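What follows is a single structure, written as structure tokens, with notes after it.
Taken together, the values in this text are just the output of simple stated rules run on the coordinates, not laboratory data. On a predicted model such as this, the values are computed, not experimentally measured, just so you know. Positions of Cβ are backbone-derived with ideal geometry, glycine not excepted, and every protein chain shown enters the neighbour counts.
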Amino acid sequence: MTAQDLQSRKLLFSPAPHVHSGASISGVVLTFMVALVPALVFGIMTYGMHAVRVVSVAIASAMAAEWILQKLFRQPVTVHDGSAALVGLVLAMLLPPSVPWWLVALGSFVSILVGKQVFGGLGGSPFNPALIGWAAIRLSWYEHINFDFSMVQYDVPFPIDYPLSVLKWSGAEALTQFHAMDLFLGKQIGGLGTTAILLLLIGGLYLLIRGVITWHIPVSFLGGVALTALLFWWTDSAKYADPVFHLLTGSVMFGAFFLATDYSSSPANSLAMVLFGLGCGFFTVLFRVWSVYPDGVVFAVLIMNILNPLLDKIRPKVPGKEEREAA
Amino acid sequence: MRRIFGILPTRLWYESVELPYEEFPVPERAMILVAGEGVTPGKGDRIRSGERIRSAGGAVMGFSPVTGEIEECLDIRWSDGEVYTGLVVATAADEWELPITGGEYLSQSPAEVRSLLAEAGFTVPAAGERVIVSCLERDLLVSTARQALRGGDAAAGLRLLEHLGAGEIVVAVPEDLAEAAAAFAGERVTVVRSYHPYGMAPLLERECGAGTVLGIEELLAMVTALRTGRPFCEKLVTLIDRGGRPVKNLRVRVGTPVSDIIRAYDIPVEDGDRVVLGGPLCGRSISRLDFPVLVDTDAVLVQGHDDIIPIGEGSCLSCGACVRVCPYNLQAHLLSRYVEFSLFERCEDLDIDSCIECGLCAYVCTARRPLVQFIQFGKRELARIKEEEAQEEEEEVTA
């Protein structure tokens, strides 16, 4: 190579650092999806093609909504990063397998539009997008997203009563039909991907090990549920369910690992994350005890999402700051 | 550098292998890079090794590392936005014009030695000041501190510091050099963390207590200057080949064009590759290969275009990876967004000036945002705004 050859090279000129860990948006999305697979497979094994239908419609319509809206808003199309598909998947896992297809599609569309794109797309949403879509269809078409009646048509090898509805309408004494181990292994009615507590726990641990989430939010979420439930249970153990029941039913486990940990709607500093998780757990139990809704996970997370900008003000100290200011 | 177990904190360890060492010959054509315009001597002048180079205002900007005729004066703009003058010198055999007289310095008074060092362009720690002698690398893949320690007379360096009347002297070393360092520094050795960015001065101060951080190479250069009268003009440089492979430690005359080094070791450079002065996390990329080795260039890094992960164009996800990795607990995710939308005052509330630009936040960023560049830009804009405000106030006072 001659000197002239070298001088004529067109070099890449860019700011430091010049290396990268290799982390990427699609990598993180893929990790979340992989973590959801065990619970999803369990849901499909339980409900068969009904579950497949809901999941595919949700994912497809979320991706289509993203593409259409980004075209419409003249934004670069980023369907390929998988984040829209993940929103669809998370939404589907919260739904009963009996939901009509148009409602699933509508939920996905609302998730992407109101939950994500109006706030500027990925990273901008103040709420977990999937929960916005879920809340919209849950409040508008209650009869379709109802675990009490929708399950009658399925032949499942466990009680077809939704545990949290039993608690709501019949009280804690009626809970003797549910055994903690059955609940833990997913032998309960619920969202098609939220019932397999053991498998969700495995998926959650996978997320932790891969480092895409930290322990703060899930652990404090579960801790918040347990503590609040314990307080109620202590005051009247005949009227209120025990903490273990609360932890093993509804979307608590799913919410702790997959809903509350949504990046843009949760804090980034450790103390704020712990408070965020505790708040989610606290409101979940309050909703279950005092609201008309059997489960309160989604609403609890949405409430804490609103508080997120406030929690973001809690920041760790910058080392050496005082000395610098004194100087 | 993909990681499977992301739960473990990011640890980027400094190099601990000893590389083969070579002295690089004086180049045929050197480039002396000086900040500012209108420096003397200029085009057509003959310059001698060790001769002072002055700015338009007459301040000493540096010393010529080579002897020869200045063929050209180039205006060069670098990534910091500043203008530099590149003096291209056709070199000849060294003729020294020494800024100071070398010799036996320990017999002279500390004040005399101090002024000699200042004459030769060194910043000397004040009498009684605590000094941290760093044997740590300043970036990944670099091993110049290790090389300096291996080839130099570190004991003489410590004697010099004692003679200058420095306060407590701490010798900061990575674990594996503790024994070697204890041989000349004894009780003064402090083993510090040897992963990035703990080799950077502010973090060394955090590890060892406040003090002036002095790199081992600079300390040894002071000894050389006092003995020979020569200013700092030979730099240790780690040559890093494609694939992040350090291949050699070189002693290079400052001003040696990068292209000379690359050619001497047959490192292929193609269009779209990146060549960096310094290490992978804090180094600065160059746009032309006649760019020279500078007094603070620890490495010449060549990166093939296949190894380069391009910067992402998307927005921040708020995943918090940058927050977890920051040694100063800064909110890089917020800072970068505030800078993006020109909210510089908010950056000040988030202590943007505490950032030491170690590069870890951008290294881990999921969205691959150029976080360090955002922060650098924010700092500059903030400084500019403050300057303007101060000027306005002054004008009001005079009016």
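Reported to the nearest whole Å, the Cα centre-to-centre distance from segment B:243-260 to segment A:180-243 is 57. Scaled against 2.2 N^0.38 Å for its residue count N, the alpha carbon radius of gyration of chain A is 1.12.
Sum up the charges of everything whose Cβ sits under 15 Å from the Cβ of B:T238, counting Lys and Arg as +1 and Asp and Glu as -1, but leave B:T238 out. Spell out each step's value before the answer.
Values: positive: B:R138, B:R146, B:R150, B:K235, B:R242, B:R245, B:K248, B:R251; negative: B:E15, B:E18, B:E22, B:E23, B:E137, B:D139, B:E217, B:E234, B:D241, B:D296, B:D298.
For residues surrounding B:T238, the net value is -3.
For chain B, build the convex hull from the C-alpha positions and give me its volume per residue in Å³.
Values: hull volume 68.5 nm³, N = 399.
Looking at chain B, the number lands at 172 Å³ per residue.
Shown here for segment B:130-213: GluC sites (Glu not before Pro) in loop regions (DSSP other than H, G, I, E, B) with at most 16 other Cβ atoms within 10 Å, namely B:E168.
Annotation: amide H-H contacts under 5 Å for B:D45 (H modelled 1.01 Å from N, sequence separation of 5 or more, or interchain): B:I70. Ratio of Rg to Rh for segment A:255-321: 1.07 [Cα atoms; Kirkwood radius as inverse mean 1/r over pairs].
Straight-line reach from A:K168: taking Cα to Cα under 16 Å and skipping same-chain neighbours fewer than 8 places apart, the lysines in range are A:K239.
For B:V189, nonlocal amide neighbours, meaning residues 5 or more places apart or on other chains whose placed amide H falls under 5 Å from its own, are B:V171. Take the convex hull of the alpha carbons in segment B:110-228; its mean projected area over all directions comes to 6.7 nm². For B:K235, give me every one of the lysines with a C-alpha distance below 19 angstrom, ignoring sequence neighbours fewer than eight places off in its own chain. Within reach: B:K248.
Within chain A, which whole H helices from DSSP have a Cα span along their axis of at least 15 Å and a mean Kyte-Doolittle hydropathy of -0.5 or more, if any?
Details: long enough: A:25-47 (32 Å, 2.11); A:49-72 (33 Å, 1.12); A:83-94 (17 Å, 2.48); A:129-140 (17 Å, 1.15); A:197-210 (20 Å, 2.39); A:216-235 (28 Å, 1.39); A:270-290 (30 Å, 1.77); A:297-311 (20 Å, 2.31).
Flagged H segments are A:25-47, A:49-72, A:83-94, A:129-140, A:197-210, A:216-235, A:270-290, A:297-311.
In angstrom, the C-alpha Rg and Dmax of segment A:26-140 are 13.3, 42.
Between the C-alpha center of segment B:173-190 and that of segment B:54-73 there is a gap of 39 Å.
Taking a straight Cα-Cα cut-off under 29 Å and skipping sequence neighbours fewer than 8 places away in the same chain, the lysines within cross-link reach of A:K116 are A:K71, A:K313.
Among A:L278, A:T235, A:F258, whose Cα sits farthest toward the positive end of the charge dipole of segment A:163-311 (+1 at Cβ of Lys/Arg, -1 at Cβ of Asp/Glu, about the Cα centre)? Among A:L278, A:T235, A:F258, the one farthest towards the positive end of the dipole of segment A:163-311 is A:F258. Between the C-alpha center of segment B:268-289 and that of segment B:342-399 there is a gap of 26 Å.
Before rounding to the nearest 500, sum -39500 (n - 2.57) across all DSSP H runs of length at least 4 in chain B and divide by the residue total; then give [θ] at 222 nm in deg cm²/dmol. Walk me through the numbers on the way to the answer.
Values: 12 runs with 117 residues, N = 399.
Calculated mean residue ellipticity at 222 nm is -8500 deg cm²/dmol.
3J(HN,Hα) couplings calculated from phi for segment B:193-200 with the Karplus curve 6.51 cos²θ - 1.76 cosθ + 1.60 (θ = phi - 60°) are, in sequence order, 4, 10, 10, 4, x, 6, x, 7 Hz; Gly and Pro show x. Isolated cysteines of chain B, defined as having no other cysteine beta carbon under 4.7 Å away, are B:C73, B:C135, B:C208, B:C233, B:C282, B:C316, B:C319, B:C326, B:C347, B:C355, B:C358, B:C365. Each Lys or Arg adds one and each Asp or Glu subtracts one; over the other residues with Cβ under 13 Å from the Cβ of B:A221, this totals -1.
Could you please rank A:W101, A:W134, placing first whichever residue has the fewest other Cβ atoms within 10 Å of its Cβ? Please list the in-between numbers first.
On the way: A:W101 13, A:W134 27.
Fewest-to-most Cβ neighbours within 10 Å comes out as A:W101, A:W134.
Here is the list for segment B:5-85: GluC sites (Glu not before Pro) lying in DSSP coil, each with at most 10 other C-beta atoms within 10 angstrom of its C-beta, are B:E82. Computed log10 I(q)/I(0) for segment B:65-115 at 0.13 Å⁻¹: -0.61, from the Debye equation with unit scatterers placed on every C-alpha and solvent omitted.
Residues whose amide H comes within less than 5 Å of that of B:V213, counting only those at least five positions distant or on another chain, are B:I132 (H built at 1.01 Å from N in the peptide plane).
Given the rule -39500 (n - 2.57) for each run of at least 4 DSSP H residues, summed and divided by the residues of chain A, what is its mean residue ellipticity at 222 nm, to the nearest 500 deg cm²/dmol?
Rounded to the nearest 500, the figure is -17500 deg cm²/dmol.
I want the local charge near A:D236. Using Cβ-Cβ distances under 14 Å, sum +1 for each Lys or Arg and -1 for each Asp or Glu among the other residues. Show your work: numbers first, answer last.
Details: positive: A:K239; negative: A:E173, A:D242.
Once all neighbours under 14 Å are counted, the net charge is -1.
Each principal axis of the Cα cloud of the protein assembly as shown was taken in turn, and the coordinate range along them, longest first, works out to 98, 66, 53 Å. Counting only DSSP beta bridges with both residues in the protein assembly as shown, the antiparallel share comes to about 70 percent. The reciprocal of the average 1/r between distinct C-alpha atoms defines the Kirkwood hydrodynamic radius, which for segment A:163-311 equals 15.2 Å. For segment A:10-59, the pair-distance distribution built from all alpha carbon pairs, in bins 5 Å wide starting at 0, is 4, 16, 15, 16, 11, 8, 6, 6, 6, 6, 4, 1 percent. Just so you know, the Cα atoms of segment A:87-167 work out to an Rg and Dmax of 14.3, 45 Å. For chain B, give me the percentage of DSSP beta bridges that are antiparallel, rounded to the nearest 5 percent. That works out to approximately 70 percent antiparallel.
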